[in-house]
Amino acid sequence: ARVEKTELKLLEHSLEIWSAMLKAAGGKSFSELLGDGQPRRWAAELLRWAVGRSPHTLPAIVLAMVEKIPALMPEAQRRAIELGQALRSELSARLGSHGVMLYPPYASCAPPHYKPLMPPFNWVYTAIFNVLELPVTQVPLGLNADGVPLGVQVAASHGNDHLTIAVALELERQFGGWVPPPN
């Protein structure tokens, strides 16, 4: 194997790319999914969250509020879609038909249960691959010294799910895979 450490500058725009490409796909918005298809007043939901009366997390409420922004700026949305297409092309060219990329699933180790995910948009580490329509397999790699679960994503070019799964199985075998966290 040839291992190459690289920097993909376009990944810095993951949130904008994700938001614009998801909107352009024409499916239900996150807000509609979160609100069971019913229109919601998310500012009011934010107030309910502040007093402990909302069933939603703060990051979910904020996302439902900010996902409307791309539609208000059509030129920015068009540019973000172009960046997404360029990122997909760059990844496909770098990975080729036999390459894989190891990428973190989040910006830090796993956060504690029942705590809001802060900063709220670090989930784009995984979401970006969804809108780029690239196969990704999440691999558990055991626990760190503090007993916190560790893992990595294995991504490949479109149609190469078999590569991500094969690499994931080998990484899991080498590093111990899923380990129950201590109580």
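Quick notes
- Identity of the residue in the stretch 75-92, open to solvent by 80 Å² or more (accessible area, probe 1.4 Å) and farther than 10 Å from residue 20 by Cβ, that ends up nearest to the chain's Cα centre (by Cα): 85
- Check on residue 45, touching a His at 6+ places or on another chain (Cβ under 8 Å), more than 20 Å from residue 156 (Cα to Cα) and either among the charged types (D, E, K, R) or open to solvent by less than 100 Å² (accessible area, probe 1.4 Å) (or both): yes
- Odd one out for residue 108, checked against (1) over 17 Å from the mean Cα position of the chain (by Cα); (2) among the polar types (S, T, N, Q); (3) at pLDDT below 95: (1)
- Odd one out for residue 121, checked against (1) open to solvent by 40 Å² or more (accessible area, probe 1.4 Å); (2) in a loop (DSSP other than H, G, I, E, B); (3) more than 25 Å from residue 9 (Cβ to Cβ): (3)
- Filter result (over 21 Å from the mean Cα position of the chain (by Cα) and at positive phi) within the stretch 145-174: 147
- Under the condition of being without any contact (Cβ under 8 Å) to a residue 24 or more places away in the chain, assigned to a helix (DSSP H, G or I) and over 17 Å from the mean Cα position of the chain (by Cα), the residues counted in the stretch 1-30 number 0.
- Of the residues 142, 151, 176, the single one that is in contact with a strand residue (DSSP E or B) (Cβ under 7 Å, 6 or more places away or on another chain), open to solvent by 50 Å² or more (accessible area, probe 1.4 Å) and among the small types (Gly, Ala, Ser) is 176.
- Selection of the stretch 64-84 for residues being among the hydrophobic types (A, V, I, L, M, F, W, C) and at pLDDT 90 or above yields 76, 80, 81, 83.
- Candidates 177, 142, filtered to the one that is small (Gly, Ala, Ser), part of a strand (DSSP E or B), on the phi > 0 side of the Ramachandran plot and more than 16 Å from the chain's Cα centre (by Cα): 142
- Count - residues of the stretch 16-42 that are farther than 22 Å from residue 83 by Cα and open to solvent by less than 90 Å² (accessible area, probe 1.4 Å): 7
The values are calculated or read from the model by the stated rules, or taken from the named source; none is laboratory data. What you see is a predicted model; the values in this text were computed from it and never measured. Please note: Cβ atoms are built from the backbone with ideal geometry, for glycine as well, and neighbour counts cover all protein chains shown. In case anyone asks, the SASA skips ligands and DNA or RNA and just uses the protein heavy atoms, side chains included. Shrake-Rupley method; radii C 1.70, N 1.55, O 1.52, S 1.80 Å.
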